[in-house]
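Shown next, in structure tokens, is the structure this report addresses.
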Amino acid sequence: MFTHDDALDTQAAVRRANLRRALQLVFQASGSQTRAGIARTTGLTAATASSLVAELIEHRLIAEGEQAVSTGGKRATTLSIDAEHHLILVLVVQPTSAYLALVALDGSEVARRSVSYTMPTRDRVLDETVAEVVAAYGSRLLAVGVQVPGTTDGRTVLESVQLEWHEVPLAERFESIAGVPVLLVNDVDAEAIAEAGLDAAPSGYRLFIHSGGGIGAAVTLDGELAPGPRDRAGEIGHVQVVFGDAARPCRCGRRGCLESAAAMGPMLGEEFSDALDASAVRALVARADQTLIDDGARALARAIKLIGALLDPIEVVIGGPATELGPRFLERVRAESGYPARGTADVPIRYADPRVAASAGPAQAALTAVLGVRWSPEQLRAGGPRP
């Protein structure tokens, strides 16, 4: 809505940029921001700030609230995010099921559910599901954020081993049904976006590593995703980190890959599946061979140490089902990567925040794509914990 600047229309481009700035200020201080506050922060005139606010209200993006505390003169009217109209549809696509959520502009999930399918029925079920949402909420849909396992340029699923998709123009397909912009985002990238957003003022590099059925990573810089020119950044699962007799066969056909030791299957056994809920994963952890889990921690620590030495990240975040491995696994990773290496610094390592909803990452990516704004950490947590 405010992100496609026309370079040939300078005045319109400036207007859109100012609308984004004003909207972001309301997002940052919803319920306490005022027209005067926007004018002061941006350096715009009071008349211009009021004009921007009027347009944002007209578009049902913000709403007037109560009067602010008086500072000696007439009390100003506060501005808040309008959470009663626009919705972002989130689809978290997995091999045999998809998680759906409708997310309001304040970050809260107003509805959530799951659908199941088989590989032959997946396309039909997903298309029908999007069509059902459009039929019920079409006039309120602002955008669709689709999270997929695999590489994507935002429009096409370039490659997904899990979904057995190659060069699938999924965004175009869903746009023909929904009639609103659709953005595709890699599952690990989506988690990294959400974690970076939990920092009110993100700076520097942050490394996010997802361990589940496979292993992937993502890097953010100052809160922004750093995907690389070929959309392949973070594909670390099949980099060799274990050698000699300790190297195990990997599903890719090689031996000693990071995934062959530190993915959840090799640590917990063949019963593990990304479709398992948290309680089922914890049950597997309770009866797993701790030696295999320790081997996985050691392999993951080697990758973290090397990447950490290269990027000098402010922190490393481990997400995905691996967060259910508990404190012992995290402490082993910290210990195995904490040895002194000349010229490097210790990097904090933690688990991903469990309070962030599964929809937060793709919803944030879609929100930024269409409006150019970001939620605050509190708003990112508004969707509630993962189901």
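Look at the range 195-217: where a residue is without any contact (Cβ under 8 Å) to a residue 24 or more places away in the chain and a partner is of a type in the set (D, E) and open to solvent by 10 Å² or more (accessible area, probe 1.4 Å), sitting 6+ places away or on another chain with Cβ atoms under 9 Å, you get P202/D222; P202/E224.
Examine the range 348-356 for a residue that is more than 15 Å from the chain's Cα centre (by Cα) and at positive phi, and state whether such a residue exists. Looking for residues that are more than 15 Å from the chain's Cα centre (by Cα) and at positive phi, one finds none in the range 348-356, hence no.
With respect to the conditions (1) under 24 Å from the mean Cα position of the chain (by Cα); (2) at negative phi, C250 lacks only one, and its number is (1). Can we say P95 is part of a loop (DSSP other than H, G, I, E, B), open to solvent by 10 Å² or more (accessible area, probe 1.4 Å), free of Cβ contacts under 8 Å to residues at least 24 places away in the same chain and not polar (S, T, N, Q)? Taking the combined requirement at face value, the residue does not satisfy it.
V115 falls short on exactly one of the conditions (1) closer than 21 Å to L371 by Cβ; (2) of a type in the set (A, V, I, L, M, F, W, C); (3) not in a helix (DSSP H, G or I), and that condition is (1).
If you go through the range 132-160 and keep only what is of a type in the set (A, V, I, L, M, F, W, C) and loosely packed, with under 14 Cβ neighbours inside 10 Å, you end up with A135, A136. Inspection of the range 308-318 finds no residue satisfying the criterion of being free of Cβ contacts under 8 Å to residues at least 40 places away in the same chain and either within 30 Å of A22 (Cα to Cα) or not hydrophobic (A, V, I, L, M, F, W, C) (or both).
Would you call L158 of a type outside the set (G, A, S) and within 24 Å of A357 (Cα to Cα)? Here the answer is no, as L158 does not meet what is asked. I'd like the residue in the range 270-305 that is open to solvent by 60 Å² or more (accessible area, probe 1.4 Å), free of Cβ contacts under 8 Å to residues at least 60 places away in the same chain and within 30 Å of A341 (Cα to Cα) and, out of all such residues, is nearest to the chain's Cα centre (by Cα). Looking at residues that are open to solvent by 60 Å² or more (accessible area, probe 1.4 Å), free of Cβ contacts under 8 Å to residues at least 60 places away in the same chain and within 30 Å of A341 (Cα to Cα), I get R298.
Considering each of I81, I62, I88 in turn, give the residue that is more than 22 Å from the chain's Cα centre (by Cα), at pLDDT 95 or above and closer than 22 Å to A369 by Cα. On inspection, the qualifying residue turns out to be I62. Scanning the range 310-335 for residues being in a helix (DSSP H, G or I) and either aromatic (F, W, Y) or open to solvent by 60 Å² or more (accessible area, probe 1.4 Å) (or both) gives a total of 8.
Condition check: modelled with pLDDT of 95 or more and part of a helix (DSSP H, G or I). Does R21 satisfy that? Answer is yes for this residue. Checking each residue in the range 165-179 for being open to solvent by 20 Å² or more (accessible area, probe 1.4 Å) and touching a helix residue (DSSP H, G or I) at 6+ places or on another chain (Cβ under 8 Å) picks out R173, I177, G179. Scanning the range 235-269 for residues that are open to solvent by less than 20 Å² (accessible area, probe 1.4 Å) and not aliphatic (A, V, I, L, M) yields G237, C250, G256, C257, E259, S260.
The values are calculated or read from the model by the stated rules, or taken from the named source; none is laboratory data. Keep in mind it's a predicted model, so treat the numbers as computed, not measured. For neighbour counting, all protein chains shown are included, and Cβ atoms are generated from backbone atoms with ideal geometry for every residue, glycine included. To get the accessible areas, we keep the full protein, side chains included, count just its heavy atoms, and leave off ligands, DNA and RNA. Shrake-Rupley method; radii C 1.70, N 1.55, O 1.52, S 1.80 Å.
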